[in-house]
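This report concerns only the one structure given below.
The values are calculated or read from the model by the stated rules, or taken from the named source; none is laboratory data. In this text the structure is predicted, and so the values were computed from the model without any measurement. So basically every Cβ, Gly included, is an ideal-geometry build from the backbone, and we count neighbours across all protein chains shown. Only protein heavy atoms, including side chains, enter the accessible area calculation; ligands, DNA and RNA are left aside. Shrake-Rupley method; radii C 1.70, N 1.55, O 1.52, S 1.80 Å.
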Amino acid sequence: MEKLIITVALTGNVPTKKNNANLPVTPEEIALDVKACADAGASLFHVHARDSEEKPSLDQSIFKKIVRNIKKVAPDVIIQLSTGARAGKDWENRATPVRLLPEMASFTTGSNNLPGIVYENSPQFIEFLAGVFMATGVKPEIEIFETGMINNALHLKKKGFFDFPLHFDFVLGAPGSMPGTVKNLLFLSEGIPSDSTWTVAGIGRAEIPLATAAIVMGGHVRIGLEDNLYMPDESLASNVKLVEKIMTIAKEVGREVASPDEARSILGILPGNKNRILETIH
Ligand code: ZN
């Protein structure tokens, strides 16, 4: 089995410090949390920006501050910026995180309901964003909330947007979308091309059980306070505690964990892309 890539979704758009004081929000807090999680065994970091009132933001200057701070304390990790819609619907703004040239960015290939909103990704927007990924060479993590989103991604590949194996993240258990069951995880993971890689983001209580299933199935895992605020024993989680939990489970079942460079090679990220982002953030 391939080594296990542990992704941490540190902050997200929704939770606040009122929900869990361990949530990293400022660029400084996010960077410190990245460092602690990297030391504990995580290699990939899914990053959202928040403004000074903790609200979701697509402000370039905040992303730049976050990246600069992360690079100072954890220069080797893979940074994946979010293109999610809670911070604004403007197409160009949503493409901003990709244009900053991180090694990866998230890319949702369809629309679905999420708590309080329609997570809207029209066919036209999806093609626009795929074009930005293609032009920049940033590796997309394709976020799958519903089955049809896999077909949409494969259709883009057929149209020539992506000429490399795709990497999928199955987001399961979000209210309004596919439930967080092992049956759904099995169904989705069997529905992607065999050269693809996949990870799972279980939402809420589904996080650790689905991560455990992925570890034994040969997939990868995404955990973190964006998706879930609690440990299995119902105590408040922190990103580091969640990484440590995954490390323990992986060790118990004999799955080795990937370093950032090993994760790059599993995901097919070009080594030359590692520090391109620094050229855009001065
Ligand atoms: Zn996110």
- Go through the stretch 12-28 residue by residue and tally those that are more than 15 Å from the ligand (Cβ to nearest atom), closer than 12 Å to A237 by Cα and open to solvent by less than 30 Å² (accessible area, probe 1.4 Å). 1
- Task: Within the stretch 253-282, track down each residue that is closer than 12 Å to E103 by Cβ, open to solvent by 70 Å² or more (accessible area, probe 1.4 Å) and at pLDDT 95 or above.
- Result: D261
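Here is a yes/no grid of residues against (1) in contact with a Phe, Trp or Tyr (Cβ under 7 Å, 6 or more places away or on another chain); (2) modelled with pLDDT of 95 or more; (3) among the acidic types (D, E):
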position	(1), (2), (3)
T26	no, yes, no
A38	no, yes, no
V77	yes, yes, no
D90	no, no, yes
- Item | Filtered residue count, the stretch 63-83, keeping only those that are surrounded by fewer than 22 Cβ atoms within 10 Å (Cβ to Cβ) and in contact (Cβ under 8 Å) with a residue 60 or more places away in the chain | 4
- Query: Hey, any hits in the stretch 237-252 for a residue that's assigned to a strand (DSSP E or B), open to solvent by less than 20 Å² (accessible area, probe 1.4 Å) and among the hydrophobic types (A, V, I, L, M, F, W, C)?
  - Reply: no
- Message: For the stretch 1-46, which positions are free of Cβ contacts under 8 Å to residues at least 40 places away in the same chain, within 20 Å of P260 (Cβ to Cβ) and out of contact with any Leu (no Cβ under 9 Å at 6 or more places or on another chain)?
- Response: K35, D39
- Query: Is there a residue in the stretch 198-210 that is open to solvent by 40 Å² or more (accessible area, probe 1.4 Å), under 17 Å from I142 (Cβ atoms) and among the polar types (S, T, N, Q)?
  - Reply: no
- Considering (1) touching a Gly at 6+ places or on another chain (Cβ under 8 Å); (2) more than 21 Å from T212 (Cα to Cα), say which one D163 fails and leave the rest. (1)
- 1 or more residues away from the ligand (no atom under 16 Å from the Cβ) and touching a Lys or Arg at 6+ places or on another chain (Cβ under 9 Å): qualifying helices (runs of 4 or more DSSP H) within the stretch 115-234: 123-136, 207-217
- Where a residue in the stretch 252-281 is under 13 Å from D76 (Cβ atoms) and its partner, wherever it lies, is in a loop (DSSP other than H, G, I, E, B) and open to solvent by 80 Å² or more (accessible area, probe 1.4 Å), with Cβ under 7 Å and at least six apart: P260/D76
- V73 fails exactly one of the following numbered conditions: (1) within 15 Å of the ligand (Cβ to nearest atom); (2) over 16 Å from L242 (Cα atoms). What is the number of that condition? (1)
- Query: Is the stretch 34-49 home to any residue that is open to solvent by 10 Å² or more (accessible area, probe 1.4 Å) and within 13 Å of the ligand (Cβ to nearest atom)?
  - Reply: yes
- Go through the stretch 107-122 residue by residue and tally those that are open to solvent by less than 60 Å² (accessible area, probe 1.4 Å) and aliphatic (A, V, I, L, M). 2
